[in-house]
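What follows is a set of notes on a single structure, which appears directly below.
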Amino acid sequence: MLKKDIKKELATINIFLLKLNQMDNNRRLNKLKQLLLKIKEIFMTDLEKAKKIVEEDGLMLFYILINRTIKKELKC
């Protein structure tokens, strides 16, 4: 079950990266991309940290922040 959750988180991260790559670059979006890439690297290399993040639902607020930022940037 946990491996399935980790794969789901990786898929979500990839979707956000695709969305961010399609948008015009600015400092805020670049910071989000960097953070997502670091999180993705952790998920790909350190299974224990990935498990801990998934178990604690640590990414949900981050996803909300990314969604809000993307919506703000699209309005500009």
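The values are calculated or read from the model by the stated rules, or taken from the named source; none is laboratory data. Because the structure is a prediction, the values reported are computed rather than measured. Note that each Cβ is placed from the backbone with ideal geometry, even for glycine, and that neighbours are counted across all protein chains shown.
Out of curiosity, is LYS71 closer than 14 Å to THR12 by Cα, assigned to a helix (DSSP H, G or I) and without any contact (Cβ under 8 Å) to a residue 60 or more places away in the chain? Judged against the criteria, LYS71 is not a match. When you check ILE13 against the structure, is it touching a helix residue (DSSP H, G or I) at 6+ places or on another chain (Cβ under 7 Å) and surrounded by 11 or more Cβ atoms within 10 Å (Cβ to Cβ), yes or no? Judged against the criteria, ILE13 is a match.
Scanning segment 53-68 for residues that are at pLDDT 85 or above and either in contact with a helix residue (DSSP H, G or I) (Cβ under 9 Å, 6 or more places away or on another chain) or closer than 13 Å to ASP5 by Cα (or both) yields TYR63, ILE66, ASN67. Looking only at segment 16-59, how many residues end up being surrounded by 11 or more Cβ atoms within 10 Å (Cβ to Cβ), assigned to a helix (DSSP H, G or I) and free of Cβ contacts under 8 Å to residues at least 24 places away in the same chain? Going through segment 16-59 one residue at a time, the tally reaches 8.
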